[in-house]
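Worksheet for the structure shown next.
The values are calculated or read from the model by the stated rules, or taken from the named source; none is laboratory data. Since the structure is predicted, the reported quantities are computational estimates derived from the model, not experimental observations. All Cβ positions, even for glycine, are placed from backbone atoms using ideal geometry, and neighbour counts span all protein chains on display. In case anyone asks, the SASA skips ligands and DNA or RNA and just uses the protein heavy atoms, side chains included. Shrake-Rupley method; radii C 1.70, N 1.55, O 1.52, S 1.80 Å.
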Amino acid sequence: MAPRRMETKPAIFCLKTLLLLYSFIFWVTGVVLLVVGLWWKFMLGPYMLLISSSPSSAPYVLTGTGAAIALFGLFGCFATCRGRPWMLKLYAVFLSLVFMTELIAGISGFVFRHEIKGTFLTAYSAAVMRYDGRDDRSVAVDGVQRRLHCCGVYNYTSWFSSVYFPISGIPTSCCVHVSDCNEADLKNTTLAAQKVYKEGCYELVVSFIESNMGIIAGVTFGISFSQLVGVTLACCLSHFINSNQYEMI
């Protein structure tokens, strides 16, 4: 049995090294998701109000998932170093669950992308109609118009039927040059057309979603299938350790 054990030990060492490296990368992925979830919650909160009429649970899901992945990434490193088969099998089960969750989330996002666009249209239109320049949704609308250089839902005329237009005209966030805009011009439908962005925000956002959906789906599926590498490594290492322990009896 000695020669067999000598053949098994290099394989165990190699698998341990690979699984440790994988677990470290897995842990880093969890930390990144945790940071993104916190950033989404505190920095993108107002913008999410334009996508959904109710507060989004996405940042909490990302934060919770990231924390769980980071925790189990550390557990994976510990299980690999200890070399306990039951720990490695538990780690493989968790990676399988992560794989299934990410795969379902990626497929759902791709399949329901049209519903997402429809929800955005409804929520953004409502935000424009009820714009007052002060609440969170109004601040988010201003941010979108400034960043994307757009105005209104389909174009600047969307503002003509808003509650804000009779009072102050089109918001200054639509202005190509803010210094060249004044309230009187922005309340004049003819003059305003010469001083604000012509393209609507909805088309720009939809164009961004359509052009990047393939990339987002590819990255999501790539990350999810990478969990299978960890599952394979953990199962193989558990098998070799069991075989080595059996041969030593």
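Worth a mention:
- Yes/no for TYR202 being at pLDDT below 90, surrounded by 15 or more Cβ atoms within 10 Å (Cβ to Cβ) and either outside any helix (DSSP H, G or I) or not aliphatic (A, V, I, L, M) (or both): yes
Residue-by-condition table, conditions (1) at pLDDT 80 or above; (2) open to solvent by 80 Å² or more (accessible area, probe 1.4 Å); (3) within 30 Å of GLU203 (Cβ to Cβ):
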{"site": "LEU20", "(1), (2), (3)": "yes, no, no"}
{"site": "GLY30", "(1), (2), (3)": "yes, no, no"}
{"site": "TRP39", "(1), (2), (3)": "no, yes, yes"}
{"site": "PHE42", "(1), (2), (3)": "no, yes, yes"}
{"site": "LEU49", "(1), (2), (3)": "no, no, yes"}
{"site": "ALA67", "(1), (2), (3)": "yes, no, no"}
{"site": "ALA70", "(1), (2), (3)": "yes, no, no"}
{"site": "ARG82", "(1), (2), (3)": "yes, yes, no"}
{"site": "TRP86", "(1), (2), (3)": "yes, yes, no"}
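- Residue within the stretch 154-170 that is touching an Asp or Glu at 6+ places or on another chain (Cβ under 8 Å) and under 13 Å from GLY200 (Cα atoms) present: yes
- Helices (runs of 4 or more DSSP H) lying entirely in the stretch 89-185 (those with 1 or more residues that are in contact (Cβ under 8 Å) with a residue 60 or more places away in the chain): 113-129, 136-148
- Residue that is at pLDDT below 90 and either in contact with a strand residue (DSSP E or B) (Cβ under 9 Å, 6 or more places away or on another chain) or open to solvent by 50 Å² or more (accessible area, probe 1.4 Å) (or both), where the choices are THR157, THR189, THR172: THR189
- Condition check for SER162: surrounded by 18 or more Cβ atoms within 10 Å (Cβ to Cβ), of a type in the set (S, T, N, Q) and under 18 Å from MET129 (Cβ atoms): yes
- Where a residue in the stretch 63-76 is under 16 Å from ILE25 (Cβ atoms) and free of Cβ contacts under 8 Å to residues at least 40 places away in the same chain and its partner, wherever it lies, is small (Gly, Ala, Ser) and part of a helix (DSSP H, G or I), with Cβ under 7 Å and at least six apart: GLY66/GLY30; GLY66/GLY37
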